[in-house]
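One structure below.
The values are calculated or read from the model by the stated rules, or taken from the named source; none is laboratory data. Predicted, not measured: the structure shown is a model, and the values here were computed from it. Note: ideal-geometry Cβ built from the backbone for every residue, glycine included; neighbour counts use all protein chains shown. Keep in mind that these areas ignore ligands, DNA and RNA; they rest on the heavy atoms of the full protein, side chains included. Shrake-Rupley method; radii C 1.70, N 1.55, O 1.52, S 1.80 Å.
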Amino acid sequence: MRAHPPAPVEQAAAAGRPSPSSDDPAWWRSAAIYQIYPRSFADGNGDGVGDLAGVRSRLGYLKDLGVDAIWFTPWYASPLADGGYDVADYTSIDPRFGTLEEAEALIRDALALGIRTIIDIVPNHISDRHPWFQAALAAGPGSPERERFWFHPGRGADGSEPPTHWVSNFSGETWTRTTNPDGTPGEWFLHLFTPQQPDLNWNHPDVRRMHEDVLRFWFDRGVGGVRIDSAALLVKDESLPEVPETPGPGEHPTQDRDELHDIYRNWRAIADSYPGTRVLVGEIWLPDIERFAKYLRPDELHTAFNFEFLARPWDARELRESIDATLRAHAPVGAPSTWVLSNHDVTRPVTRYGRDDTSFAFAKKRTGTPTDLASGTRRARAAGLLTAALPGALYLYQGDELGLPEVEDLPEEVLEDPMHFRSGGVDPGRDGCRVPLPWSGVASPFGFSPRYATARPWLPQPANWASLTVEAQQADPSSMLWLYRQALRLRRALNAAAGGAFAWRDLADGILAFRRGERFLSVTNLTGVSVQLPENDGILLASSPLDRGLLPPDATVWLRTDPDGTHRARHTGRRDST
């Protein structure tokens, strides 16, 4: 093969990682965003619970990993009935995590390293300990305080039947009956999640004003954006109808109501009034991809999580169909696609991809489902590389870069997730993907807490995690961490060189191959046999070693290609220096 100049991807990668400008208006369109579950990332004060001091001590790790932003699940004052998604006060940090001053310092420290901060907003509901709800309970039926929520008389002669039979997102009923001061049964209140999370009435001006003030409070403190929890659930049909058997677009009484779009237009105006780009990211679970894209119009949200892709099984046809539908839906509104394999609610990829059914759905989760971790790890590596090559923004949940499995043998007495308890134990819950991270050492707490700590991690770590620590993986070229660091480095260069370019290359059944620009080709083998690589000018990165020059099953490779074919030769497995 004749000598040839390096491809733009290699040139940009070799130049190192520039610190993104704080006024870069397009930073969010191709960002790599790392999700932090604060209780489980790093413990700075030795009490066994992760905190902001722990995160600040590990910012160098995140910079070396190559992320552009960090997204925090709720860090506010909360009784933790649902892992912090029951917010009691949006303007204070939960004392278990630190102080407001520490949060402000963390935001500044991270930005100095080129890492923006995204925080969670939970607008559908608040904690039952919030002053508003306590005042509503005390004020009684018909009071102005109750108008901020969904209080309603029950059905039947004695009001003993709930107002509707809507089903909770966490299983069970969505209405709980109050007790009057004299001990008699009172009104019912709505909660789409747990009774400790009463739903807010978004028809009330106080509710809208409070959340707009919350946005300004955190934007004033420098956050780069907010992630909006359960973003399609805020508005309810005031007539409280039952859910139709097959609701049409906008007809579901609690989901995807058309009135939502005015709320997000107001939020976008607030975000756009600040310097730089302050992004709004929606958590939107919708099967209708076109309805999903309506939230991403230029005057509404910037991006939203693409859960449809996450839920697909490890199957070439399924994944290609999802990628096509996602790109097609985003194109008319000019929004970048987002790609995510996991989060704090979802079974970790290493475990999920090792099951017989590799798709994901909350309704299908069952305690005791077997998995093959070796197969799951191969597929998770391949899926991580495939996903990182797609155009748009990439979300990475803490610990997935270490290849952590779901912890499925946690003792019953340490479980906290209401999804487990409200299902009667049928659903294993989400605690298994929230176990504290292993950083170093050969025994628990694996560097999660300081050496002097005597408290145990709030959830027990498996004894066999020594090989999965950051310390064990960071110098091992075969490790998941090394793969992710290299992928994020090359991905940054790829996006700089190729922008949003994307085109499929049809090779064979069971193979997903696509170009990004003229010099880059990603190939994923979802068949059961090793396959020949297409002609190329060198391997940039591979999720698994080649099999005598062939791409093995459940593997992804990134190839350098020559657009005019002048220097093209079939590569035999040597990885180029990049």
*Once the Cα atoms of helix 260-272 and of the chain are each reduced to a long axis, what angle between those two axes, in degrees from 0 to 90 to the nearest 10, is obtained?*
60 degrees
*Amide H partners (placed H, <5 Å) of Ile36, local residues excluded*: Trp71, Phe72, Thr73
*At a Förster distance of 51 Å, what's the computed FRET efficiency of Asp89 paired with Glu518, Cβ-Cβ distance as r, to 0.05?*
0.45
*Share of antiparallel DSSP beta bridges in the chain, in percent to the nearest 5?*
55 percent
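Assuming R0 = 60 Å, can you tell me the calculated FRET efficiency for the pair Glu104 and Asn464, based on Cβ-Cβ distance, to the nearest 0.05?
E between Glu104 and Asn464, to the nearest 0.05, is 0.95.
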_Computed over region 86-157, the ratio Rg/Rh where both radii use C-alpha atoms and Rh is Kirkwood_ = 1.19
*Ignoring ligands, DNA and RNA, how do Glu321, Glu102, Glu401 rank by accessible area with a 1.4 Å probe, largest first?*
Glu321, Glu102, Glu401
*asked:* Averaged across orientations, what area in nm² does the convex hull of the alpha carbons in region 328-481 project?
replied: 11.1 nm²
*Roughly how many Å² is the accessible area per residue of the chain, as a whole number, for a 1.4 Å probe?*
38 Å²
*What's the long-distance tail for the chain, i.e. % of Cα pairs beyond 39 Å?*
28 percent
*Cα-derived Rg over Rh, computed across region 183-226 with Rh taken as Kirkwood radius*: 1.17
*D_trans [Stokes-Einstein, Kirkwood Rh over alpha-carbon pairs] for region 54-125, 4 °C, 1.567 mPa s, µm² s⁻¹*: 100 µm²/s
*Amide H contacts of Gly186 (H built 1.01 Å from N, under 5 Å, at least 5 apart or other chain)*: Thr178, Thr179, Asn180
*Length released on extending from Ser57 to Arg548, taking residue separation times 0.36 nm less the Cα-Cα span*: 172.4 nm
_Normalised alpha carbon radius of gyration of region 468-536 [divisor 2.2 N^0.38 Å]_ = 1.35
_Let me check against my output: what whole-number percent is the relative contact order of region 336-463, with C-alpha pairs under 8 Å and at least 6 apart?_
27 percent
*What are the extents of the Cα atoms of region 393-473 along their three principal axes, listed from largest to smallest and rounded to whole Å?*
39, 39, 19
*Once you put a point 7 Å from the Cα of Asn180 and another 7 Å from the Cα of Asp206, both along the Cβ direction, what distance in nm separates them?*
2.2 nm
*By how many degrees, between 0 and 90 and to the nearest 10, does the Cα long axis of helix 373-389 differ from the longest principal axis of the chain?*
80 degrees
*Quotient of Cα Rg and 2.2 N^0.38 Å for region 254-356, N being how many residues it contains*: 1.18
*Please list, in chain and number order, the residues 5+ apart from Tyr76 or on another chain whose amide H is under 5 Å from its amide H, with Hs placed from the backbone.*
Asp94
*If Glu245, Glu535, Glu412 are ordered by their accessible area, calculated over protein heavy atoms with a 1.4 Å probe, which sequence runs from highest to lowest?*
Glu245, Glu412, Glu535
*Provide the convex hull volume over Cα atoms per residue for region 445-561, in Å³.*
158 Å³
*Counting helices only, and only those DSSP H runs with n ≥ 4, report the 222 nm mean residue ellipticity of the chain as the sum of -39,500 (n - 2.57) divided by its residues, in deg cm²/dmol to the nearest 500.*
-7500 deg cm²/dmol
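Quick one: work out Rg over Rh on the C-alpha atoms of region 213-314, Rh as Kirkwood radius.
Numbers: Rg = 15.0 Å, Rh = 14.8 Å.
Taking Rg over the Kirkwood Rh, I get 1.01.
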*Once the Cα atoms of helix 100-112 and of the chain are each reduced to a long axis, what angle between those two axes, in degrees from 0 to 90 to the nearest 10, is obtained?*
20 degrees
*State, to one decimal in nm², a quarter of the convex hull surface area for the C-alpha atoms of region 332-380, i.e. the direction-averaged projected area.*
4.8 nm²
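Ranked from the most accessible area to the least, with a 1.4 Å probe and all protein chains present, what is the order of Arg317, Arg96?
Sorted by accessible area, descending: Arg317, Arg96.
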*With θ set to phi - 60°, apply the Karplus curve 6.51 cos²θ - 1.76 cosθ + 1.60 along region 338-344 and write out the HN-Hα couplings as whole Hz, x wherever there is a Gly or Pro.*
10, 10, 8, 9, 6, 7, 6
*Place a +1 charge on the Cβ of each Lys and Arg in the chain and a -1 charge on the Cβ of each Asp and Glu, then give the dipole magnitude about the Cα centre in debye, rounded to the nearest 20.*
2380 debye
